[in-house]
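The values are calculated or read from the model by the stated rules, or taken from the named source; none is laboratory data. All values derive from a computational prediction rather than experimental measurement. Because the Cβ atoms are built from the backbone with ideal geometry, glycine has one as well, and the counts that use them run over all protein chains shown. The area values use the complete protein model at the heavy-atom level, side chains included, leaving out ligands, DNA and RNA. Shrake-Rupley method; radii C 1.70, N 1.55, O 1.52, S 1.80 Å.
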Amino acid sequence: MSSKKTDELINFIEGVTGDKYQKVEEYLGNGFVRLNISEAEKRQAKHDIRSVEDVVVELIRNSRDAGCKNIFIAFHKEKNDRNIVIVDDGCGIPSNLVPKIFEPRVTSKLDSIVTDKYGIHGRGMALYAIKNNTEEINVVMSAANRGSIIKVNIDTTKLPERKDQSTLPVIKIRHGEAHVTKGPHNILRLLVEFCIEHQEIKVFFGFPTQVLATMYYLSQNLLNSNKGGKAVFLENFEKGSLPLWQCLGCIGSVNVLAETSNDYYGLDVSKRNVNRIFSGDVEPLDDLYSALFKKGKKREIKLSTNANFNYPSNLVKYIQKDDLDKLSCLVEEEFGKIGKKYFLYLKNPPKILREKNQIKIVLEVEGEE
C-alpha cells in the first residue's frame with residue numbers, strides 16, 4: 001500500500017474512532033487507562049530509575065500531579081536498607097486500581113502529559129520501574145480526595161544513593177528569584193529545587209519520628225473534634241472526609257498513636273519516641289521552603305539564618321537520665337576489672353556529661369598508697 005493510501009486510512013480511523021482510541025489498550029475506569037505499547041514508548045522518560053534520588057523524584061511528581069497541598073517525606077536508613085514513606089493529600093487512588101498502578105503503562109494522564117526538568121511524566125512506567133528496582137513498594141493507604149501513603153524499601157547495594165544526604169545545596173538569589181548553584185545531587189537538593197519551583201506545595205522532610213510529630217502537631221491545629229481512642233481514629237481514617245494525615249489529630253493516647261503510626265501510616269516509630277511527641281520534646285518540622293527562605297520588606301527572598309533543616313542539632317539531647325545512670329554503672333564495673341591490674345581505683349562514680357553530639361565520661365582515678 002502506498003504511503004498516501006496509508007495516511008488516508010489512518011486519517012479515516014482517527015476520524016471514526018478519535019485520537020484517544022489509538023492511545024489506549026484498556027479502559028480501567030475512574031479515569032485510568034492502560035496505554036498501548038507505542039503510546040507508552042512515546043512517553044519514554046529521559047532517564048530510568050538508577051538511584052534512590054530517582055525514586056523520590058517520581059513519587060513527588062505523582063503527588064504534585066495528584067493536586068496535593070502537602071507532602072510529608074519520612075527518610076530513614078538502617079545499614080543498607082533505605083526506607084521512604086511519602087504521605088500526601090492529593091486526589092488519591094481508587095481502591096480497585098491500587099493493584100494495577102504498578103503494572104506497565106497504567107496511568108491517569110491520558111491527555112495530560114507533564115514535561116518538566118526531570119523529563120516526561122505520564123507514560124505509565126514510573127511506578128512499574130520503581131517496583132522493579134526496589135525491594136518493595138506498597139500503597140499503605142489511599143482514599144479519594146484524601147491522599148495517599150506510599151512506602152518504599154530499597155537495598156542501596158542494588159540501587160545506590162548519594163553518600164552525602166545531609167549537606168544542603170548552595171542557593172543564590174538573582175533578580176529576586178532563588179537558584180540552586182551547587183552542592184551534592186542528594187535528596188535535599190532535589191527537594192529544595194522542587195520547593196522553589198512549586199511554592200504552592202508544602203514539603204516536610206525528616207526522620208519518621210519528626211514527620212509523625214509534624215503531622216500530629218499540624219492536625220491538632222486544624223481539628224476541633226474531641227480526641228479519643230482507636231475507634232475514633234478509625235472512624236475518621238476509614239470513612240471520614242479529612243485528609244488521611246489529619247486523622248492523627250483524633251488520637252489522644254500514646255499507645256494508639258504508636259500503633260497507628262506503624263499499621264496505618266507505615267512509620268516505624270518507637271513507643272518511647274511517641275512519648276516524646278506527646279510531651280513536646282520533638283519539635284515539628286517547618287516546611288522546607290519556609291525553613292530556607294523568608295520574604296523581606298522589598299519582596300526579595302532572603303535566606304533564613306535560623307532555618308531548621310530537619311536534622312537534630314543535638315543527637316544526645318533526649319537520652320534519659322536513667323539510661324545515663326546505667327551507662328555509668330557499666331563503665332564503673334568494667335573499669336574495676338581493668339584497674340585491678342594496675343592497682344587503680346575510682347575515687348567517685350563515673351560522671352556522664354552530655355554535650356552537643358557527644359557523650360563524655362569523666363573518671364577520677366586514684367592508686368593504692
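Of the residues making up segment 297-337, those that are at pLDDT 50 or above and either polar (S, T, N, Q) or in a loop (DSSP other than H, G, I, E, B) (or both) are Ser313, Asn314, Leu315, Val316, Lys317, Tyr318, Ile319, Gln320, Ser328.
Listed conditions (1) modelled with pLDDT under 95; (2) under 11 Å from the mean Cα position of the chain (by Cα) are all met by Val85, apart from (1).
Per the listing Ser253, Ser219, the residue uniquely closer than 16 Å to Phe278 by Cβ, among the polar types (S, T, N, Q) and surrounded by 18 or more Cβ atoms within 10 Å (Cβ to Cβ) is Ser219. Of everything in segment 349-368 that's surrounded by 13 or more Cβ atoms within 10 Å (Cβ to Cβ) and farther than 15 Å from Phe335 by Cα, which residue is modelled with the highest pLDDT? Selected residue: Ile359.
Scanning segment 339-348 for residues that are open to solvent by 90 Å² or more (accessible area, probe 1.4 Å) and in a helix (DSSP H, G or I) turns up Lys340, Lys341, Tyr342.
When restricted to residues that are of a type in the set (S, T, N, Q) and either touching a residue at least 40 places away in the same chain (Cβ under 8 Å) or open to solvent by less than 70 Å² (accessible area, probe 1.4 Å) (or both), segment 223-250 contains 4.
Results for (1) at pLDDT below 95; (2) over 24 Å from Gly206 (Cβ atoms); (3) among the polar types (S, T, N, Q); (4) assigned to a helix (DSSP H, G or I), shown as yes or no for each residue.
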| position | (1), (2), (3), (4) |
| --- | --- |
| Val33 | yes, yes, no, no |
| Glu41 | yes, yes, no, yes |
| Ile49 | yes, no, no, no |
| Val56 | no, no, no, yes |
| Asn62 | yes, no, yes, yes |
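The residues of segment 122-151 that are assigned to a helix (DSSP H, G or I) and either surrounded by 21 or more Cβ atoms within 10 Å (Cβ to Cβ) or not polar (S, T, N, Q) (or both), listed by number, are Ala126, Leu127, Tyr128, Ala129, Ile130, Lys131. As a summary of the residue check, Lys294 satisfies the conditions (1) more than 28 Å from Ser166 (Cα to Cα); (2) surrounded by 13 or more Cβ atoms within 10 Å (Cβ to Cβ); (3) at pLDDT below 75; (4) of a type in the set (Lys, Arg) except for the one numbered (1). Could you grab me the full set of residues in segment 152-186 that are farther than 16 Å from Asn133 by Cα, surrounded by 13 or more Cβ atoms within 10 Å (Cβ to Cβ) and either of a type in the set (A, V, I, L, M, F, W, C) or more than 21 Å from the chain's Cα centre (by Cα) (or both)? Listed by number, the residues that qualify are Leu168, Ile171, Ile173, Ala178, His179, Val180. Would a scan of segment 89-105 turn up a residue that is surrounded by 17 or more Cβ atoms within 10 Å (Cβ to Cβ), closer than 20 Å to Leu190 by Cα, over 15 Å from the mean Cα position of the chain (by Cα) and modelled with pLDDT under 85? Checked against the condition, which is being surrounded by 17 or more Cβ atoms within 10 Å (Cβ to Cβ), closer than 20 Å to Leu190 by Cα, over 15 Å from the mean Cα position of the chain (by Cα) and modelled with pLDDT under 85, segment 89-105 yields no hits at all.
Does Leu267 satisfy the criteria of being crowded, with 16+ Cβ neighbours inside 10 Å, touching a residue at least 60 places away in the same chain (Cβ under 8 Å) and assigned to a loop (DSSP other than H, G, I, E, B)? Answer is yes for this residue. Going through Gln220, Gln210 one at a time, which residue ends up being closer than 30 Å to Ile196 by Cβ, outside any loop (DSSP other than H, G, I, E, B) and within 18 Å of the chain's Cα centre (by Cα)? Every option except Gln210 fails the conditions.
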